[in-house]
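Reading through the structure tokens given below for one structure.
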Amino acid sequence: MSAYISVMQSSRLSPDVLARLRQAGLRPTRQRLALARLLFDADNRHVTAEQLHGEALAASIRVSLATVYNTLHQFTDAGLLREVVVEPGRSYFDTNVDNHHHFFCESSGRLQDIPGELVMVGSLPQPPDGTAIRRVDVIIRVHREGEPEATA
Ligand SMILES: [Zn+2]
């Protein structure tokens, strides 16, 4: 675990939430600030919009699920978060925007970081005409031993 932790703490972004929003060109509205604090004040994590909405309500932050979605996407567009789509309609938002990959446990629904240097992709196909590869995201799907594979 210690290797993971050292990688996760190496984020280039300012730890100060307000500075992060300004740096990203986002106006620090009350709702954005409140959600950003929930997201970035803790260690790196992966949250769904529903989880963050639940945390906001628990912290007496009055915000709709739609606003949480919009804010998460704005933060993602601004480079503060990375969206990890594990299944159609199921996204996690990752506060670790450094180069890394993921284990996704289909039994528990948990996403766990893999440091970028631990995954080597041997060969990549030629990207479609007129495009260039920006990055490669690897999701290694695991399930608890002895459990049947999840059916889609
Ligand atoms: Zn991650």
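Bear in mind that the values in this text are calculations on the coordinates, not laboratory data. Predicted, not measured: the structure shown is a model, and the values here were computed from it. Don't worry about glycine lacking a Cβ; one is built from the backbone with ideal geometry, like all the others, and counts go over all protein chains shown.
Some notes on this structure:
- Shape category assigned to region 24-72 from the gyration tensor of Cα positions, a/c cut at 1.5: rounded
- Evaluated with a Cβ-only charge set (Lys, Arg +1; Asp, Glu -1), the chain carries a dipole of roughly 740 debye about its Cα centre, given to the nearest 20.
- Approximate shape of region 55-126 as ellipsoid semi-axes (Cα gyration tensor, √5λ), whole Å, largest first: 28, 15, 12
- Kirkwood Rh, angstrom, the chain [1 / mean 1/r, Cα pairs]: 17.0
- Projecting the Cα atoms of Val85, Pro125, Leu57 onto the dipole axis of the chain, where Lys and Arg carry +1 and Asp and Glu carry -1 at the beta carbon, places Leu57 farthest toward the positive end.
- Stretchable slack from Arg141 to Gln112, in nm (0.36 nm times residue separation minus alpha-carbon distance): 9.4 nm
- Report note on the peptides 17-25, 137-145: ranked by the mean count of other C-beta atoms within 10 Å, highest first, their order is 17-25, 137-145.
- Stretching the chain fully between Ala132 and Arg22 yields a gain of 36.6 nm (0.36 nm per residue, less the alpha carbon separation).
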